[in-house]
Amino acid sequence: TQLLEQSPQFLSIQEGENLTVYCNSSSVFSSLQWYRQEPGEGPVLLVTVVTGGEVKKLKRLTFQFGDARKDSSLHITAAQPGDTGLYLCAGENTGGFKTIFGAGTRLFVKA
Amino acid sequence: GAGVSQSPSNKVTEKGKDVELRCDPISGHTALYWYRQSLGQGLEFLIYFQGNSAPDKSGLPSDRFSAERTGGSVSTLTIQRTQQEDSAVYLCASSRRERLGEQYFGPGTRLTVT
């Protein structure tokens, strides 16, 4: 069974601080996605990483896919209250059959 | 429409009643997923459709849960004889066949069983 473990589960920080969220698995994924979910809404796709070692930047967010395509990280620079939400990583298995979601990291950025 | 739509947005039902939840995916998306999310939790996979067939029903929690998809488009998730533990937000997502991992979610249906 493929599992994606996210850490930390919960993070509360001050505006302006930096943070990193991790997503780890013992399985190889053909691609990995990061989503953000705000209260009362469905998750919204932020990024897809496909190549081992790939780094993608989205404004203050930096996403990295591990060389072996088993893990990923999301780094936020100078967090803002608008970054508050549930961050979910999801891996598409190599058979392309089903996407596996991590349990999520709940981020709260205080003004 | 431009995005995934779900109806109703909220449903309150009495224990033992049946409910139907509807999902209208993005036009052209062949893959459709149903998830369940309890308060403060992550996503629990329920079922996956590719076209009208459901290659993976492994997440359906009991035989009270069923889903169908007709015409490769709209999907209905049916919960029979609802129980209080069925209370949750039910999310639907769709994606293109060649990019299964890139899922676009609807706003969800909040189900409350009293």
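Since every read-out is calculated from the coordinates, none of them should be taken as a lab result. Quick caveat, the model's predicted, so the values are computed rather than measured. Quick reminder, even Gly has a Cβ in these numbers, built from the backbone with ideal geometry, and neighbours come from all protein chains shown.
List the residues whose amide H sits under 5 Å from the amide H of B:Ser5, counting only those 5 or more places along or on another chain, with H placed 1.01 Å from N in the peptide plane.
Amide H to amide H, under 5 Å and 5 or more residues apart or across chains, B:Ser5 pairs with B:Asp24.
With a cut-off of 8 Å between alpha carbons and a minimum separation of six or more residues, what is the relative contact order of region A:37-111 in percent? Show your work: numbers first, answer last.
Numbers: 113 pairs, mean separation 17.1, N = 75.
It rounds to 23 percent for region A:37-111.
Quote the charge dipole size of the protein assembly as shown about the Cα centre in Debye, to the nearest 20; the model charges only the Cβ of Lys and Arg (+1) and of Asp and Glu (-1). Let's see the in-between values first.
Numbers: 23 positive and 22 negative charges, 38 e Å.
Dipole size: approximately 180 debye.
How large is the dipole of region B:28-114 about the Cα centre if only Lys and Arg carry +1 and Asp and Glu carry -1, each at its Cβ, rounded to the nearest 20 debye?
Values: 9 positive and 8 negative charges, 30 e Å.
Here the size comes out at about 140 debye.
Obtain the nm distance between the two label points defined at B:Asp56 and A:Thr62 by a simple spin-label model: each point lies 7 Å from its Cα along the Cα-to-C-beta direction.
According to this spin-label approximation, the distance is 3.2 nm.
Evaluate the Kirkwood expression for the hydrodynamic radius of chain B, namely the inverse of the mean inverse distance over all pairs of different C-alpha atoms, and round to one decimal in Å. Show your work: numbers first, answer last.
Details: mean 1/r = 0.0718 Å⁻¹.
About 13.9 Å, per the Kirkwood formula over Cα pairs.
Which listed residue (B:Gln6, B:Thr82, B:Gln50) has the Cα farthest towards the positive end of the charge dipole for region B:1-84, taking +1 on Lys and Arg C-beta and -1 on Asp and Glu C-beta about the Cα centre?
Toward the positive end, the furthest listed residue is B:Thr82.
With 10 Å bins from zero, work out the P(r) of the protein assembly as shown over every alpha carbon pair and list the percent per bin.
Pair shares across the bins are 8, 33, 34, 19, 5, 0.
Springs between alpha-carbon pairs under 10 angstrom, Gaussian network model over chain B: which of B:Ser73, B:Ser62, B:Ser94 fluctuates most?
Checking each option, the largest mean-square fluctuation is seen for B:Ser62.
Between A:Thr77 and B:Thr76, what is the label-to-label distance in nm when each label sits 7 Å out along the Cα-to-Cβ direction?
Result: 5.2 nm between the two label points.
What FRET efficiency comes out for the pair B:Ala2/A:Gln14, r = Cβ-Cβ distance, R0 = 35 Å, nearest 0.05? Don't skip to the answer; put the middle values down first.
Numbers: r = 37 Å, r/R0 = 1.04.
The computed FRET efficiency comes out at 0.45.
Measure off 7 Å from each Cα along the Cα-to-Cβ vector at B:Lys17 and B:Arg97, then give the distance between these two points in nanometres to one decimal.
4.0 nm
Can you give the log10 of the normalised intensity I(q)/I(0) at q = 0.09, 0.13, 0.17 Å⁻¹, computed with Debye over equal Cα scatterers of chain A?
The calculated log intensity ratios at q = 0.09, 0.13, 0.17 Å⁻¹ are -0.21, -0.44, -0.74.
Using only the alpha carbons of region B:1-61, what is the convex hull's orientation-averaged projected area in square nanometres? Kindly include the intermediate steps, with their values, before the conclusion.
Working: hull surface 21.7 nm².
Taking the Cα atoms of region B:1-61, their convex hull projects to 5.4 nm² on average.
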